[in-house]
1. Can you tell me which residue in the stretch 114-128 is nearest to residue 88 (Cα to Cα), limited to those that are open to solvent by less than 10 Å² (accessible area, probe 1.4 Å) and touching a Leu at 6+ places or on another chain (Cβ under 7 Å)?
2. Does residue 32 qualify as being touching a helix residue (DSSP H, G or I) at 6+ places or on another chain (Cβ under 8 Å) and at pLDDT 95 or above?
3. Looking at 103, 109 in this structure, which one is small (Gly, Ala, Ser) and touching a residue at least 12 places away in the same chain (Cβ under 8 Å)?
4. Going through 109, 103, 132 one at a time, which residue ends up being of a type in the set (Gly, Ala, Ser) and either within 22 Å of residue 196 (Cα to Cα) or surrounded by fewer than 21 Cβ atoms within 10 Å (Cβ to Cβ) (or both)?
5. Are there any pairs, at least 6 apart or on different chains, whose C-beta atoms fall under 6 Å, with the first in the stretch 78-89 and at pLDDT 95 or above and the second assigned to a helix (DSSP H, G or I) and open to solvent by less than 10 Å² (accessible area, probe 1.4 Å), and if so, which?
6. Here are some residues: 156, 177, 201. Which one is open to solvent by 50 Å² or more (accessible area, probe 1.4 Å) and either of a type in the set (A, V, I, L, M) or closer than 30 Å to residue 103 by Cα (or both)?
7. Report, ordered by the first and then the second residue, all pairs with beta carbons closer than 7 Å, sequence separation of six or more or different chains, a first member in the stretch 6-34 that is more than 13 Å from residue 200 (Cβ to Cβ), and a second member that is among the polar types (S, T, N, Q) and open to solvent by 20 Å² or more (accessible area, probe 1.4 Å).
8. Restricting to the stretch 15-69, name every residue that is over 16 Å from the mean Cα position of the chain (by Cα), hydrophobic (A, V, I, L, M, F, W, C), under 18 Å from residue 85 (Cα atoms) and open to solvent by 10 Å² or more (accessible area, probe 1.4 Å).
Amino acid sequence: MSKVKIDYSLYLVTDRKLLGERDLAQSIELAIQGGVSLVQLREKSISTKDFLNLALRVKEITSKYEIPLIINDRLDIALAVDAEGLHVGQDDLPMLKARELLGPDKIIGVSVRTLEEALLAQQQGADYLGVGAVFRTSTKSDAKEVSLEQLEYIKKSVSIPVVAIGGINYGNIQQVKATGIDGISVVSAILVQDNIFMAAKQLKEIMG
């Protein structure tokens, strides 16, 4: 399994569309300075060349702060920039194939919505689970919601770290933390805020 010890408490997932004129790499650096412990680069509508160049820039920043970089869905990009890991959804590259290609030392996370999916991902060797969407989210319009009760039940049923995803912000973070999860995954709660550093700092203070 992964040989890197990971702090999942405050997991930033990127979405450049939310940044307006702001630079993604600079925004990620501010978020890390504020307390983000893990970064996932997620780009669904970008050319492979542009994604690679962006990933190389981001990797420089995450390496500087010794923060693991996870690439969403794109195994080729993860390998090309030697990212610390890959995150896959239920419709992406299958977990077992991802592990075969990435090797035993990389982190692989899997998005799940049900206990059945969670147990299967764990059995297949996932390092962590992203469970959600816990609340309605604008960044993933097709995401179906998972109740806080379901989230807590999944957390109690698996032995690998669980990160809650979907619509989590400063106003509802306490409810999510109360389920006992290992971390929260956020997009808007940091990237659309006027002060990215402070937004990350405030969330990190609650998550500990």
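The values are calculated or read from the model by the stated rules, or taken from the named source; none is laboratory data. On a predicted model such as this, the values are computed, not experimentally measured, just so you know. Methodologically, a virtual Cβ is constructed for each residue, glycine included, from the backbone with ideal geometry; neighbour enumeration extends over all protein chains shown. Side chains included, ligands, DNA and RNA excluded: accessible areas come from the protein's heavy atoms. Shrake-Rupley method; radii C 1.70, N 1.55, O 1.52, S 1.80 Å.
1. This residue is 121.
2. Yes: the conditions hold for residue 32.
3. 109
4. 103
5. From the stretch 78-89, the pairs are 81/55; 86/78; 86/98; 88/98.
6. It is 156.
7. Sorted first by the residue in the stretch 6-34, then by its partner, the pairs are 15/139; 18/188.
8. Hits for the stretch 15-69 are 52, 54, 56, 61.
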